[in-house]
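Below is one structure, written out as structure tokens; the observations come after it.
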Amino acid sequence: SNYTGGMNRRGLIGEIVTSVYSGNNLKIVIVFLITIVYSWLILNIYIIFKKINQNYLSIFILLSPFYVLFSINDFRGGNSKEIIGFLALTLLILYDIYKSNAYLLLSLLVYFIGVFSHNLNIFLFPGIIFYIFVMSKIQKKTYISSFYLIIVLANIVIYFSPFMHDSYFDIKIWCNDLITNYNLYDTCFELTDGNLLDLKINDGVLL
């Protein structure tokens with residue numbers, strides 16, 4: 001979703017995409033974007049597994065059908081948005097490994113996008129804090145963890161602010177905008193039900 005039908009708590013990615021993209025094949029753009037996120041996440045996990053000694057349990061989890069098939073099974077519905085939070089966590093781990101500030105900045109940026117794209121990512125905050133204080137060798141733990149806390153608090157403050165209470169998201173306006181401007185033939189029910197990524201052939205045009 002984006003902010004077309006009014007302010008909502010989950011529209012950041014959609015707002016970025018629809019603001020930057022001016023074409024009409026929105027489905028292809030979303031598929032490409034999700035592929036990038038998953039590919040980046042898998043690459044990070046591969047690097048982490050190579051850099052850190054693993055036990056048999058971690059190897060078993062990596063090779064399990066739950067890990068291998070998750071992205072395939074969940075691709076149709078636009079994916080679980082908390083995967084963005086997991087991507088931020090892997091970038092934080094890479095920062096711990098390489099001590100490069102670029103990884104930390106990327107982690108914070110990705111986590112910000114994740115939290116403001118779906119507030120489920122807020123529930124990954126305790127895991128991030130646990131890694132920083134218990135598992136990592138990061139210096140200035142309190143200083144770094146405070147940045148993640150600020151992102152979470154910003155989302156909560158905005159959600160409970162009077163600005164949000166006076167702004168109502170109209171899903172019909174949102175649906176009609178997508179259907180009209182981005183060559184989508186889906187109904188509003190199908191868009192909200194997770195069918196946005198179903199690539200179909202309509203009137204001879206691959207969406």
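Look at the range 19-67 and say how many of its residues are more than 16 Å from Leu94 (Cβ to Cβ) and either assigned to a helix (DSSP H, G or I) or among the acidic types (Asp, Glu) (or both).
Of the residues in that region, 25 qualify.
Can you tell me which residues in the range 2-18 are outside any helix (DSSP H, G or I) and either open to solvent by less than 60 Å² (accessible area, probe 1.4 Å) or at pLDDT 80 or above (or both)?
As a first pass, look at the range 2-18 and keep what is outside any helix (DSSP H, G or I): 2-11.
Asn2, Thr4, Gly5, Gly6, Met7, Asn8, Gly11 - these are the residues of the range 2-18 that are outside any helix (DSSP H, G or I) and either open to solvent by less than 60 Å² (accessible area, probe 1.4 Å) or at pLDDT 80 or above (or both).
Only one of (1) open to solvent by less than 60 Å² (accessible area, probe 1.4 Å); (2) at pLDDT 75 or above; (3) touching a helix residue (DSSP H, G or I) at 6+ places or on another chain (Cβ under 8 Å) is not met by Asp177, so which one is it?
Here Asp177 clears every test but (3).
Could you tell me how many of the residues in the range 118-145 are more than 21 Å from the chain's Cα centre (by Cα) and over 14 Å from Asp96 (Cα atoms)?
2
Is it fair to say Leu120 is aliphatic (A, V, I, L, M), closer than 21 Å to Ile47 by Cβ and at pLDDT below 95?
It is false that Leu120 is aliphatic (A, V, I, L, M), closer than 21 Å to Ile47 by Cβ and at pLDDT below 95.
If you take the residues of the range 39-74 that are modelled with pLDDT under 75, among the aliphatic types (A, V, I, L, M) and open to solvent by 70 Å² or more (accessible area, probe 1.4 Å), which of them is nearest to Ile97 (Cα to Cα)?
Of the range 39-74, the ones modelled with pLDDT under 75 are 61-74.
Next, only the ones that are among the aliphatic types (A, V, I, L, M) stay: 61-63, 68-69, 72.
Narrowing further to those that are open to solvent by 70 Å² or more (accessible area, probe 1.4 Å): 61, 63, 68-69, 72.
Working: Ile61: 21, Leu63: 23, Val68: 25, Leu69: 28, Ile72: 29 Å.
Only one residue fits best here, namely Ile61.
The values are calculated or read from the model by the stated rules, or taken from the named source; none is laboratory data. Everything quoted here is computed from the prediction, not taken from an experiment. When we count neighbours, we look across all protein chains shown, and the Cβ atoms used for this are built from the backbone with ideal geometry, even at glycine. For accessibility, only protein heavy atoms count, side chains too; no ligands or nucleic acids. Shrake-Rupley method; radii C 1.70, N 1.55, O 1.52, S 1.80 Å.
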